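Asker: Handing you this structure, nothing more for now.
Since every read-out is calculated from the coordinates, none of them should be taken as a lab result. Small disclaimer: the values here were computed from a predicted structure and weren't measured. So basically every Cβ, Gly included, is an ideal-geometry build from the backbone, and we count neighbours across all protein chains shown.
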Amino acid sequence: MLGEYPIQGRRAAEISASVERAVGAGDLQPGQLLPPMRELAERLEVNPNTVAAAYRTLRERGVIETAGRRGSRVRAKPATTGREHIRVEAPEGVRDVADGNPDPALLPPLASAFAAAAGQADREPVLYGDDPVEPELVRIARADLDADGVPDGPLAVTSGSLDAVERVLAAHLKPGDTVAVEDPGWGSLLDLVPALGLRTAAVGVDDEGPLPDAVRRALDSGARALIVTDRAQNPTGAAVSAARARALRSVLRQYPDTLLLEDDHGHRIVDLPLHPLAGTTRSWAFVRSVAKAYGPDLRLAVLTGDAVTLDRVRGRQRLGPGWVSRITQRAVLRLWTDGAVDAPAVAAAYGRRRGALIGALAERGIEAHGRSGMNVWIPVPDETGAVSRLLHAGWAVAPGARFRMSAPPGIRITVSTLTADDTGPLADAVASAVGPAPVRGYV
């Protein structure tokens with residue numbers, strides 16, 4: 001059952017660490033069945049309760065899953081084999097259009113904002129017990145949320161979107177609960193959910209966001225939470241339309257106990273209106289990161305939600321990092337108030353680059369998607385072959401496996417730094433790598 005790999009250890013911690021090392025090294029493969037607890041206990045000459053404790057730890061860490069009498073097996077995408085390792089390194093002379101980063105030329109300079117924030121800190125130092133959130137940042141962030149129709153609620157600041165997502169999930173769910181996630185979807189999120197000991201339920205998406213019937217099936221099957229990307233969905237560029245938002249709200253009203261979490265990381269880099277779902281269920285959270293518009297290294301996101309959710313998140317945050325640096329918060333506030341980012345111009349720049357590539361691919365008979373944001377998703381019949389052929393042609397693209405569970409194969413291209421002169425050669429290379437026959441759909 002386990003080939004040549006022996007599980008070792010006398011204590012639960014040793015046994016679980018042994019299995020986890022084997023998964024990380026590839027000695028235990030995703031989906032591989034583990035021995036029954038009593039059988040492994042006899043082999044290791046330990047109490048069955050010791051093995052049970054080890055398996056419980058592995059489940060909570062997202063390494064294995066248990067299906068009753070069918071036994072325990074390594075997760076299909078265990079937390080110890082992160083999707084970040086599924087990448088193509090761009091050697092010298094190869095253009096990297098896989099990294100998912102914003103265009104550095106469209107990011108604002110930070111020096112003056114941080115100098116002003118540091119100067120304020122010298123005059124008004126933040127000490128233990130002070131408010132964890134800059135009051136003026138709350139006011140401006142709340143005004144933006146109000147303008148976009150996000151319901152009123154308390155506000156917190158987290159270290160980016162993924163930090164907010166993790167805190168919200170941990171505030172409501174326990175290991176073994178199921179979270180409905182977009183497929184294709186954000187690779188880091190698809191790793192995070194099992195790392196918390198949670199299960200994933202795939203929800204298909206199209207250009208207008210999650211498919212209502214897929215959401216209904218996931219919730220009907222017991223999913224306790226749903227995560228939706230409102231705009232600039234990674235990797236497909238989907239954006240929730242007004243019609244899709246109405247349909248999703250209709251579904252969610254039938255499951256009022258669902259934890260709804262919305263990610264609007266594309267704020268200020270997209271030119272499509274927001275159609276929030278927040279407030280449709282009793283427990284909800286809405287997060288906005290500054291990473292794409294102001295810089296990934298700022299590590300700051302604004303989180304709002306219902307009172308119970310935010311109280312739990314802020315309470316747990318106080319017991320850990322305490323707060324996100326008020327100096328960073330003040331610097332971001334300065335960037336906002338100084339108009340350091342011309343949001344319409346940034347959105348238009350990314351829109352031109354996406355549109356040019358999608359149009360050039362269409363002229364060559366290749367289907368591509370990218371309604372918003374900085375990425376274009378291209379369905380392909382042979383993902384590995386397409387990635388390899390494009391690398392040989394001088395283009396490093398992101399393999400779709402980083403973003404998929406059960407969705408068909410594809411590749412992701414980040415258009416952030418593409419120029420007009422790049423579009424034709426890249427489209428030619430994709431057409432040659434994919435083949436003349438288009439592939440319809442990415443659900």
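Asker: Among A420, M374, A386, flag the residue with its Cα farthest along the positive direction of the charge dipole of region 292-443, charges on Cβ as +1 for Lys/Arg and -1 for Asp/Glu.
Answerer: Among A420, M374, A386, the one farthest towards the positive end of the dipole of region 292-443 is M374.
Asker: Here is a further query. Label points 7 Å out from Cα along the Cβ direction at D146 and L127: separation in nm?
Answerer: With each label placed 7 Å out from Cα toward Cβ, I get 3.3 nm.
Asker: Under the rule of -39500 (n - 2.57) per DSSP H run of 4 or more residues, summed and divided by the residues of the chain, what mean residue ellipticity at 222 nm is obtained, to the nearest 500 deg cm²/dmol?
Answerer: About -12500 deg cm²/dmol.
Asker: Related question: Go ahead and set up a Gaussian network model of the chain, Cα springs under 10 Å, then flag whichever of G187, G93, G26 fluctuates most.
Answerer: G93
Asker: A further question on this structure: Arranged from highest to lowest average of other beta-carbon atoms within 10 Å per residue, in what order do the peptides 201-210, 49-58, 368-377 appear?
Answerer: Order by mean packing, descending: 368-377, 201-210, 49-58.
Asker: Provide the net charge surrounding N47, with neighbours chosen by a C-beta distance below 12 Å and charges set as Lys +1, Arg +1, Asp -1, Glu -1.
Answerer: Neighbourhood net charge equals +1.
Asker: Still on this structure, I have one more. Select from A214, A156, A396 the residue farthest towards the positive end of the dipole of the chain; place +1 on Cβ of Lys and Arg, -1 on Cβ of Asp and Glu, and compute about the Cα centre.
Answerer: Highest projection toward the positive end goes to A214.
Asker: Report, in whole Å, the centroid distance computed from the Cα atoms of region 229-287 and region 395-418.
Answerer: For region 229-287 versus region 395-418, the Cα centre distance is 23 Å.
Asker: Okay, next question. Once the other residues with Cβ under 12 Å from the Cβ of R314 are scored (Lys, Arg +1; Asp, Glu -1), what is the net sum?
Answerer: Net of charged neighbours comes to +2.
Asker: Using a Gaussian network model of the chain with C-alpha springs under 10 Å, which one of A214, A238, A156 is most mobile by mean-square fluctuation?
Answerer: Between A214, A238, A156, it is A214 that shows the largest mean-square fluctuation.
Asker: Over its Cα atoms, what ratio of radius of gyration to 2.2 N^0.38 Å does region 270-325 give?
Answerer: Compared with the compact-globule rule of thumb, region 270-325 sits at 1.34.
Asker: Let me ask another. Which residues among region 390-431 fall inside the zone where the amide N is under 16 Å from a point 7 Å beyond the Cα of A67, along Cα→Cβ?
Answerer: Under 16 Å, as judged by backbone N against the label point of A67, lie 406 of region 390-431.
Asker: Another question, then. Taking K and R as +1 and D and E as -1, what net charge do the other residues with C-beta under 14 Å from the C-beta of W323 add up to?
Answerer: +3
Asker: Which FRET efficiency value, to the nearest 0.05, is calculated for N47 and A243 with the Förster distance at 35 angstrom and r the Cβ-Cβ distance?
Answerer: Result of the calculation: an efficiency of 0.05.
Asker: If one computes the Cα centroid of region 363-394 and of region 130-159, what distance in Å separates the two points?
Answerer: 38
Asker: With point charges of +1 on the Cβ of Lys and Arg and -1 on the Cβ of Asp and Glu, referenced to the Cα centre of region 111-337, which listed residue (A245, L169, G119) lies farthest in the positive direction of the dipole?
Answerer: L169
Asker: Could you sort 189-200, 386-397, 126-137 so that the peptide with the highest average Cβ count within 10 Å comes first and the rest follow in order?
Answerer: Answer by packing, highest mean first, reads 189-200, 386-397, 126-137.
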